[in-house]
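The values are calculated or read from the model by the stated rules, or taken from the named source; none is laboratory data. Worth saying up front: this structure is predicted, and the values here are computed from it rather than measured. Here Cβ is always computed from backbone atoms with ideal geometry, including for glycine, and neighbour counts include all displayed protein chains.
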Amino acid sequence: MPDANPLAAQVREYFETRLPAMLARLEAWTVCESPTTEPAAVNALRREVAAAFIAAGAKQQFHADGTADAALELTVQGGTEVKQGELLVLGHLDTVYPLGTLARQPFRIDAGCAYGPGVLDMKAGLISALFALQALHALSLAPRRRLRLLFTSDEETGSRTSRPLIEAAAKGAAAVLVLEPGAGPAGALKTARKGIADFRLRAHGRAAHAGVDFEQGASAVVELARQIAALAAWSDPARGLTVNPGVVRGGSRVNVVAAEAEAELELRAWRLSDLQEAEQRLAALRPLDRRVRLEVEGRINRPPLERTDAIAALFLLARDCGRELGLDLAESATGGGSDGNFTAALGIPTLDGLGAAGEGAHSPGEYIRLDTWPLRAALLALLFARV
């Protein structure tokens, strides 16, 4: 196997001419709209992605083909100096944009950036992995470990059906690389992510006529309002714990004491222990008005991606590879979650943010930077060869 610097030079030289082909692929996959809620559309993109990766030497395996939770699994054999444990690469095929978004948000190139629904999150990341494999093949190289690439279809709605697939694939992995976009326009890699918990708090009161029998009523709305005020005070910026009562409903008519009310809560934290503590406190809530009954349901749906020594070491390897290519990579922490949260919670070193650099994910201004995109794909090629 070549020394580090010659290999990096070869990979960089390969990608110096790849941008036009990468852009053509990006336009094709962007116009193939793939909202999570449209299984047929997601499956159409999955077929295109599968064909491209198979042509690059991968072998495919499908999960739940033709349904909303369809996933694409691909494998690539390692070289003769194969290391124990696979390298798992995670991505997702779905976007947040409904069908028809392209009519008002078309794919376009402007001032060194590519714009369009899903270009950053995360079709450019999938293409980076594809071209990384093509680079290794063109240079007669193989991944150091067997690669397993898992591209799911419901990440944008919480990965409820794909989480078991992700966790099962991760069990044999030595490390995980996540194709989510980097942080900010510089594309910092992500070595920590907050965990997320969703809960629903319901208050069951007693209805009464607001003018005739006001004292006979027990307002679920008043009880819920008091509870929400107390819950909001749990937020602790120093610890990174946030409690957001995002949606509140209650009551039936203005002249009726409300019998029912509910709030949807989202909690985020850097540490699993903080989420677990908040979960226990929620379960222990008691009504201030004893005539009202409280009901809590929900769970932690994404454990945090907590930075460990092994994750830090994986970042340092990526940073060193980046330097050889001319990339200056920083690490970052973000309050958003990804499928990397699941693998990190299993104790597997996970490096996130290896997709394109850009900004505006989930917005009309979503874009990727074109000046760094080929180099970030080159970074993936080096990581495939070295991890």
Qualifying positions in region 337-365 - surrounded by fewer than 23 Cβ atoms within 10 Å (Cβ to Cβ), closer than 22 Å to residue 114 by Cβ and in contact (Cβ under 8 Å) with a residue 60 or more places away in the chain | 359, 360, 361, 362, 364, 365
May I ask you to list the residues in region 269-295 that are touching a helix residue (DSSP H, G or I) at 6+ places or on another chain (Cβ under 8 Å) and part of a strand (DSSP E or B)?
-> 269, 294
Look at residue 186 and say whether it is out of contact with any Cys (no Cβ under 6 Å at 6 or more places or on another chain), aliphatic (A, V, I, L, M) and buried (at least 17 other Cβ atoms within 10 Å of the Cβ).
-> no
Name the pairs whose Cβ atoms lie under 9 Å apart, with the first residue in region 42-62 and closer than 13 Å to residue 75 by Cβ, the second part of a loop (DSSP other than H, G, I, E, B), and 6 or more positions between them or separate chains?
-> 50/58; 57/77; 59/77; 62/70
Going through region 296-336 one residue at a time, which ones are in contact with a helix residue (DSSP H, G or I) (Cβ under 6 Å, 6 or more places away or on another chain) and not in a helix (DSSP H, G or I)?
-> 296, 300, 302, 303, 304, 305, 327, 329, 331
Of all residues in region 257-268 being of a type in the set (Gly, Ala, Ser) and in a strand (DSSP E or B), which is farthest from residue 166 (Cα to Cα)?
-> 261
Lone qualifier among 332, 273 - being exposed (fewer than 14 other Cβ atoms within 10 Å of the Cβ) and modelled with pLDDT of 95 or more | 273
Selection from region 182-233 of residues in a loop (DSSP other than H, G, I, E, B) and in contact with a Lys or Arg (Cβ under 8 Å, 6 or more places away or on another chain) yields 182, 185, 187, 194, 205, 217
